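The structure appears below as C-alpha cells.
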Amino acid sequence: MADTEVVGLDNMPIWVFGPADEIGIDTKVIGRTNEETGLGTIVTGLRETYRPPATNARATARSYIDGGVLKYAAANQSCFEDGLLSISPAVSNLLEQTESFDNAYWNNLGSRLNITADAGTAPDGSNTADLITATESGNNYYGITKGGITVVNGTTYTHSRFVKHVDQRWVYMDVDGGATSAWFDLLNETVGTESPGVTGRIENIGNGWLRLSITYTATDTSFGEVALWFCDTDNGAQFSGGTTSIYMWGAQLTASSVPLPYAPNDANNANDMGGSSSADAISFTLPQDVKDLLSTEQPPPTSAYDETSGALVLSTVDGTAFAMPNDGSGADISPYAGTHVIKLVDSAGKVAWGYLGAAGTGETLGSELLDNPDFDLGDQDWDVSDPTWSIADQGGGDYEGVATAVPIDYMLYQTATGLTANILMKVTAECTNYTSGGAYVRAHDGTNQQLGTLLDGVKSGVLYYTSRNTAWTVAAARASANGTTLRVDGFSAKQVTAPPATGTWIVDTPGGATKNFAYIESGFDPNDISTYDLYPIGQWRSEGTLVVEWVPGFGEGDVASGNHGIISITDSDDSLLLFDAGVGIWSYDGTNYRSVDPAVIASTPYNLAVRWNSATNQMQVGYDSTWGTAASYDGAFTLGSNLNFGYSPAYPFKLGRVLFYDKWMPGNPEEMLP
C-alpha cells in the first residue's frame, strides 16, 4: 500500500487498512479541491493516528492467510490478508489432533493408507504436513475418518481440510456417510459432484495447498463420520488402489455455513489454540469532525426562494443539465447562480436536486428536428391517414394542415426517433381560422401522455418539455368536437442547448464544472414539477457519504438469516452498513432503514456506500454501480463515541479502504474510491 494516493473531500478522514510497515511515509492524501490539479492539494507524510487501525480487542489468538502462508496473530493483534483488514467471528473447532492423522484419534480404515507424519511443509510453514499414501490394490474404501461427533440437529456445519496434490487426483469428503459428500478434482482444482443439501468449496491458498470444505445441515444429533476418501473418479465411492499420495493438514469442523479461520487443536502445533479463537472486535475512536458529521443534526436550511407553481423547465441529461423559466412565465433564478442549491419535487413527491452553476447567457437552440415543418412539401413526412386532415395550398404555395369537423383527438402528426433522452425540447406552432373548441398541439415522448397544451385560445404558442425517451411525436388535434375548420402551420421542434440569462446551469458539486444534477430520484418527472426551493449552499451541510471496500467471506446462499455488522455503531441493529440475508446491504439512522440487495458472491470485492442529506430528507444505500431507493433520513445517526468494524461478526469478511466525504457524492459507489 505504499505510494498509494487516497482522494478525500474537504480534508475528511480516510482509513487505509494495511500492516503498519506497508502504510509508509509516501502515502498521499488529496484533500480540498484546488484549481491547479483539479483534484486537490497533495499532502505527503500525513500519518493520522487512526491509520493503521486501532488495537483489536479480540481476546485470543487467531489464524489468517497472507501471501499464500497461514499465519498466526496474537490476542489484540489485527490481521491483514493481502493488504485487507480481516474480520472473523469466533471459531470453535470440534475436531482434535487436527494435524496428527497418525494419532489413534483418527480411524485409518483398514489401514489401507500409509501415514508419514511431519513429512512436508504445512500451510503455516512448519514441517508438520502428513503424507497420505495408498498401500493396497483392489477396489475398496481408502479414508481417514472420525466418527461419533456430537452436533445439534438442524444446525449447519462446515468440515474443512488442507490438502496438497501429489499424484492422487480425486478425493471426496463427507460428514455423515456417503449421502453427505462432495467430490474434488485436486489436479484441476474444481468441485465435482455434490450430494443433495451439501455445498463443496475449494480454495487455493498458495504454495500448492488447497483448502477443501463441505457444508451440511445436521439431521440428527451426531455425525457418523467426518472423513476424507481417495477415489478413482467424480462421484465414485471406492478406490482401485495403488501408491498415489496427497499431503494433508489442518482438519476442522465448525458450526458455520462457511469455512472459518483455522483454529489448531493439536499439541503438535506450537501455536495450538485448543480449537478456538474469539471474534475480532475492531473499534475506532472517531475524530470529532467525523462524529459531528454523522451524529449532529443541523437545523433545516431556510429556503431563499419557495416556488409552488413549478414554472421551471429542465434539461436533465448528464453534461448539459440546466434549469430555466418556462417561456418567461417563471421567476428569474439567475441571481442565485453559484451560491444556492435547487431542490425540485414533482407531483408524486419524487425529488431532484443540484447546485446552481453559472447563469445562462442566452437561450440557444439546436437544429430543426422536424422534416417539412411548414408543409411546403405538401404532406411529405407527415401522417395524414386520418381522413379529416389534409395538407392544402392556401394560395401562392402556402400549405397548411387543414381539418374540418375534426372529432376529439384526431391528429396530424410526425414522429422522430434516435434522439437523446432527457434533453429539453422547444416546440412552436401557429393556427388560424378557428373560433372555439380548444385546439392544441401535443408533444409525446413515447408514453402517450399529453405534456402540454399549445394552442388553447391563442393564435400561436410555445411548449417546452423534457423528452424522457429517444422517440417523440408532435401532433395537432382538437380538444373537443367542433365544426369549425382548423388550420395549423409553422411547426418547429428544436433542442434547447443552453439556458437564457434568466436560467442557470446545474452542477453536481459546489462550484463544479460537471453539468449534472447531484441526484435525480428514480421516476422523477421533469415535466410535472410541483414545487422547487432554493437554499444557500452555506446552510446545506447536514449531508455526507461513507464508502467502504468490502470483500465477503460468504456468498448469497451461505447465509440463511440474521444480521451481519460491517460498520456498526453500538450493535448489529444500529449500523451504518450491515448485511442481512433477507434484505441485502442496509443502513439504519435510528429511525429508518434503507437497503440495496446485491447477489453476494464470496471473495468478490464490492464498493458499498451510504449517503445522506437532511435538507432533502434522503438517505440511500448502494454498491458498485447500483443505488437502492432513496427515502426518509431523520437528520442524524444515533452515534456513540466509537465506530466498530465487524461488531459481533456473524461471518468472515475483509475491509480495504473506508472513506468519508462531507458531501452527498454524485455518481456510483464504484467511482468514489481511488
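The values are calculated or read from the model by the stated rules, or taken from the named source; none is laboratory data. As the structure is a computational prediction, the values presented were derived from the model and not from experiment. Cβ: placed from backbone, ideal geometry, glycine included. Neighbour counts: every protein chain shown. Please note that ligands, DNA and RNA were not included when accessible areas were found on the heavy atoms of the full protein model with its side chains. Shrake-Rupley method; radii C 1.70, N 1.55, O 1.52, S 1.80 Å.
What the table below lists for this structure:
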read-out: Cut-off under 5 Å, modelled amide H: who pairs with Tyr647 long-range; value: Ser568
read-out: Rounded to whole Hz, the Karplus (6.51, -1.76, 1.60) HN-Hα couplings of the stretch 142-159, x for glycine and proline; value: 10, x, 10, 10, 9, x, x, 7, 6, 9, 9, 4, x, 8, 8, 10, 10, 10
read-out: Simple Cβ-charge dipole of the stretch 113-186, Lys/Arg +1 and Asp/Glu -1, about Cα centre, in debye nearest 20; value: 100
read-out: Phi-based couplings in Hz for the stretch 576-585 (Karplus 6.51, -1.76, 1.60; Gly and Pro marked x); value: 6, 9, 8, 9, 10, 4, x, 10, x, 8
read-out: Net charge dipole size for the stretch 597-674 [Lys, Arg +1 and Asp, Glu -1 on Cβ; Debye, nearest 20]; value: 180
read-out: Order of exposure, largest accessible area first, which applies to Lys654, Lys343 with probe 1.4 Å; value: Lys654, Lys343
read-out: Sequence-separation-based contact order of the stretch 99-195, relative, with Cα cut under 8 Å and 6+ spacing, percent; value: 18
read-out: Accessible area (Å², per residue) of the stretch 237-276, counting only protein heavy atoms and a probe of 1.4 Å; value: 30
read-out: Under Karplus coefficients 6.51, -1.76 and 1.60, residue-wise ³J(HN,Hα) of the stretch 420-429 in Hz, glycine/proline x; value: 8, 5, 6, 6, 8, 9, 10, 10, 10, 6
read-out: Estimated distance in nm for a label pair at Ala501 and Asp318, the labels positioned 7 Å out from Cα along Cα-to-Cβ; value: 3.4
read-out: Residues Ala311 and Gln77, FRET efficiency given R0 of 60 Å [Cβ-Cβ distance, rounded to 0.05]; value: 0.40
read-out: Within the accessible area of the stretch 585-635 (1.4 Å probe), percent carbon and sulfur; value: 45
read-out: Amide H within-cut-off set for Arg468, under 5 Å, with H built and near neighbours excluded; value: Asn422
read-out: Gyration tensor (alpha-carbon) shape descriptor, the stretch 114-186, a/c threshold 1.5; value: oblate
read-out: Built amide H within the under 5 Å cut-off of Val462, gap 5+; value: none
read-out: Sequence of Thr150, Thr428 when ordered by accessible area, the most exposed leading, probe 1.4 angstrom; value: Thr150, Thr428
read-out: Within the stretch 179-219: backbone nitrogen closer than 17 Å to the Thr155 label point (7 Å, Cα to C-beta); value: 215-219
read-out: Theoretical FRET efficiency, 1/(1+(r/R0)^6), r = Cβ-Cβ of Ala631 and Ser137, R0 56 Å, to 0.05; value: 0.20
read-out: Cα gyration tensor, the stretch 150-276 - rounded (a/c under 1.5), prolate or oblate; value: oblate
read-out: 12 Å beta-carbon shell around Ile214, net charge (K/R +1, D/E -1); value: 0
read-out: Cβ-defined net charge surrounding Ala501, 13 Å radius [Lys, Arg +1; Asp, Glu -1]; value: -2
read-out: Exposure of Arg58 as accessible area (Å², to 10), given a probe of 1.4 Å and all protein chains; value: 0
read-out: Filter on Lys146/Lys654; Lys343/Lys663; Lys71/Lys146; Lys343/Lys515; Lys515/Lys663; Lys426/Lys663 - keep pairs with C-alpha separation over 25 Å; value: Lys146/Lys654; Lys71/Lys146; Lys426/Lys663
read-out: Extension reserve of the Ala104-Ser240 stretch, reckoned as 0.36 nm per residue once the Cα distance is removed; value: 46.4 nm
read-out: Accessible-area composition of the stretch 210-254, carbon plus sulfur, in percent [1.4 Å probe]; value: 43
read-out: Extension gain, Ala59 back to Thr219 (0.36 nm per residue minus Cα-Cα distance, nm); value: 54.3 nm
